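The values are calculated or read from the model by the stated rules, or taken from the named source; none is laboratory data. The structure presented is a predicted model; accordingly, all values stated were derived computationally and were not measured. Cβ atoms come from the backbone with ideal geometry, glycine included; neighbour counts cover every protein chain shown.
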Amino acid sequence: MRSPVTHEYPFFFTWSRQDKVRPLELIGGDGAWFDTADGGRWLDMGALVYQANVGHGHERMIEAVKRQADSLCLATPTAVYPAKVELAQMLLDLAPPGFSKVFFTLGGSEANENALKIARMVTGRYKAISRFRSYHGATMGALTLSGDYRRPPLEPGIPGVVHALDCYCDRCPFGKTLDTCQRECAQHIGQLMQLDGPESFAAVFMEPVPGANGVLVPPPEYWPAVREACDRHGTLLVCDEVLTGFGRTGKWFGHNHFPDAVPDMIVCGKGLTGGYGVLGAVLVHERVASHFDHNFLYAGLTNYAHPLGCAAGVEAIKVYREENLIGRAEALSPLFLAELEAIKARHPEKVSFTRGQGLLAALELNASPQQWESIVDGLVRRRVYTHPKPGTGMLVLSPPLCISEQDMRHGLGLIEEVIAEY
């Protein structure tokens, strides 16, 4: 039987059983808050789908898109126009030295898809490694790379993807602790390449911090060890910054926390436009990009580098800089993580672990399916927007980078109320 709510709408709701959806009719917002048609005002502790980094109702962002629409709103993929040139150069300036080209896409999924194509073309190999607890996108190649509940129902995906065990320090898959381990999770990736044919792997795809699957923050040695394994086997390292990029972890990019492990490609989306434009990007190091100086690039999209998306991206980077949102995320992070740890201390029987970096964090909860219903209901009643993950026990938080300390404390207080009552 159709839901009395969702059957009214002539479209599908994504990643959901249609009769279980609780749609929100959004009508606007400002800063860390958004408004709904029923008169509700929600505190956004999730940055919508992790993209609303600059906040809601940002006038500069809205005006930038309007200006672009007035001057140029249609283009071919091979066209050149100021916003496209300016944004590409801005992104390369943010990347480590040696990055020389940008491939624009429609979003993060397509960015990972095209990074995989580029890796296959450059190396002449077809296999890729990603991790079991990961999310790289909804298109078939990106979904095959992903390692959460969304992949198995759509298998088989593309051939050649091998999944590695995670850097899950609170529940180490190798039975170790941070004090006793030899970073087996990082060594595991090199071992997989060796065992499955090192000459066949085009790339390793990793998020700096897997966000939607529990905010698994790696130790400092992890990324350099994976970089070394890639170099040893001639495999490219692709850093998926779709969720972690543009200040989410307290730096411009999540991989900036590991400066000794420069990737070969950096994949962007979400915060690239702050959600105000449809756009993704692959930043490509010269050692990879130079392959296409004399070789055909078999990749393209009708709306490649759409003018409205590029304009939103240019303005978003300016807002990040001029409003010091990256520094703000870094400055608020210690308080954010300390408050979460305090919630755990007050509810040790309900909160197993807290993890986080910047303004990205997770509470790992002990809750039955029925209790998860209570948690979701409690969040809805209090109109606080988060990312509950019932199948994993995770409650993921990622507020807009512009959130005030007062609003952040208020949101965490509401979340603690929900935890206390289930």
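Here are the numbers:
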read-out	value
Of the criteria (1) touching a Gly at 6+ places or on another chain (Cβ under 8 Å); (2) without any contact (Cβ under 8 Å) to a residue 60 or more places away in the chain, which one VAL267 fails	(2)
Selected residue [loosely packed, with under 13 Cβ neighbours inside 10 Å and modelled with pLDDT of 95 or more] from ARG22, ARG2, ARG41, ARG17	ARG41
Subset of the range 142-176 [within 24 Å of GLY234 (Cβ to Cβ), part of a helix (DSSP H, G or I) and touching a Lys or Arg at 6+ places or on another chain (Cβ under 8 Å)]	THR144
Residue in the range 120-140 that is at pLDDT 95 or above, touching an Asp or Glu at 6+ places or on another chain (Cβ under 6 Å), on the phi < 0 side of the Ramachandran plot and not in a loop (DSSP other than H, G, I, E, B) present	yes
Some residue of the range 377-400 being of a type in the set (A, V, I, L, M), without any contact (Cβ under 8 Å) to a residue 60 or more places away in the chain and not in a helix (DSSP H, G or I)	yes
Hey, ALA329 in contact (Cβ under 8 Å) with a residue 24 or more places away in the chain and outside the structural domain of ALA115 (by TED's automatic domain parsing) or not	yes
Residue within the range 241-249 that is part of a loop (DSSP other than H, G, I, E, B), on the phi > 0 side of the Ramachandran plot and not small (Gly, Ala, Ser) present	yes
Residues that are under 15 Å from the mean Cα position of the chain (by Cα) and aliphatic (A, V, I, L, M), drawn from the range 279-292	LEU279, ALA281, VAL282
Filtered residues of the range 205-240 (kept if more than 12 Å from the chain's Cα centre (by Cα), in a loop (DSSP other than H, G, I, E, B) and within 28 Å of GLY327 (Cβ to Cβ))	LEU216, VAL217, PRO218, PRO219, PRO220, GLU221
Filter result for LEU279 (within 24 Å of VAL226 (Cβ to Cβ), surrounded by 24 or more Cβ atoms within 10 Å (Cβ to Cβ) and assigned by TED's automatic domain parsing to the domain that holds ARG171)	no
Lone unmet requirement of (1) closer than 19 Å to GLU228 by Cα; (2) buried (at least 21 other Cβ atoms within 10 Å of the Cβ); (3) aliphatic (A, V, I, L, M) for ALA142	(1)
Answer residue from the range 72-110, given it is without any contact (Cβ under 8 Å) to a residue 40 or more places away in the chain and among the hydroxyl-bearing types (Ser, Thr, Tyr) and is surrounded by the most Cβ atoms within 10 Å (Cβ to Cβ) among those	THR76
